[in-house]
Amino acid sequence: MYKIILPTFLDIEASSLGSRSYPIQVAWNSGSGEIYVFLISPETVPGWTDWDFKSEKLHGISKEKLIKEGENPRSVCNNIIEQLAGKTVYTDNPEFDKFWMQELFKACRLDFPEIEFKDSNELFLEMLAKNNVLNKKAELETLKTKAKQISPPNHKAYSDVKYLLALYQLIIE
């Protein structure tokens, strides 16, 4: 019997959707499905002052919580390097998530590691095509609805990664 190695799904929550936004939480899964999640403290980064209360209402993470419970950005970068360098990560918004991860490394004055960001929807559609599904987009929407019932995404990085894993599991069943 063999064990399936899962693709790596990643999600990042941010201070806002503006151009001066920065990452506040990052999560990803290992090949075995374990999810790693880090709150990121903005306290040691002078330029990280942008904050949108509408975004806070969505993700439910206050700036005070980040300062109190968040990890040092450099420590988060070290975890990313250790676990994700050289890998492909799948995300529901590759452009934004790559931008925020680059902002994290830039703030820490560290070189951005080789990480390939790909669209999770494209992965799912390719998988459905290999399963000979005729109407891939409609089937994907149906499976997304089921995955939301199993693991509702709630604009927290951990929950969003868990949702992507649930969707992946539904497709391979």
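The values are calculated or read from the model by the stated rules, or taken from the named source; none is laboratory data. Treat the numbers as computed from the prediction; the structure is a model and nothing was measured. Quick reminder, even Gly has a Cβ in these numbers, built from the backbone with ideal geometry, and neighbours come from all protein chains shown.
Scanning segment 93-116 for residues that are among the acidic types (Asp, Glu) and buried (at least 18 other Cβ atoms within 10 Å of the Cβ) yields 97, 103.
The number of residues in segment 1-48 being over 14 Å from the mean Cα position of the chain (by Cα) and β-branched (Val, Ile, Thr) comes to 4. When residue 167 is tested against (1) surrounded by 16 or more Cβ atoms within 10 Å (Cβ to Cβ); (2) hydrophobic (A, V, I, L, M, F, W, C); (3) more than 18 Å from residue 31 (Cβ to Cβ); (4) in contact with a helix residue (DSSP H, G or I) (Cβ under 8 Å, 6 or more places away or on another chain), only condition (3) is not met.
When the residues of segment 58-72 are filtered to those that are under 19 Å from residue 18 (Cβ atoms), without any contact (Cβ under 8 Å) to a residue 60 or more places away in the chain and crowded, with 16+ Cβ neighbours inside 10 Å, the one that is farthest from the chain's Cα centre (by Cα) is 63. The set of residues from segment 1-46 being under 13 Å from residue 99 (Cβ atoms), of a type in the set (A, V, I, L, M) and in contact with a Pro (Cβ under 8 Å, 6 or more places away or on another chain) comprises 12, 14. Checking the stated criteria, residue 105 turns out not to satisfy the condition of being in contact with a helix residue (DSSP H, G or I) (Cβ under 9 Å, 6 or more places away or on another chain), without any contact (Cβ under 8 Å) to a residue 24 or more places away in the chain and within 25 Å of residue 20 (Cβ to Cβ). Each residue in segment 26-57 was checked for being assigned to a helix (DSSP H, G or I) and either surrounded by 14 or more Cβ atoms within 10 Å (Cβ to Cβ) or on the phi > 0 side of the Ramachandran plot (or both), and 2 of them qualify.
When the helices (runs of 4 or more DSSP H) confined to segment 83-173 are screened for residues that are among the hydroxyl-bearing types (Ser, Thr, Tyr), modelled with pLDDT of 95 or more and within 20 Å of residue 32 (Cβ to Cβ), those reaching at least 3 such residues are found at 157-172. Assess whether residue 4 counts as being under 24 Å from residue 115 (Cβ atoms), modelled with pLDDT under 95 and of a type outside the set (Ser, Thr, Tyr). Yes; evaluated as a whole, the condition is true for this residue. Here residue 21 meets each of (1) in contact with a Ser or Thr (Cβ under 7 Å, 6 or more places away or on another chain); (2) part of a strand (DSSP E or B) with one exception, condition (2).
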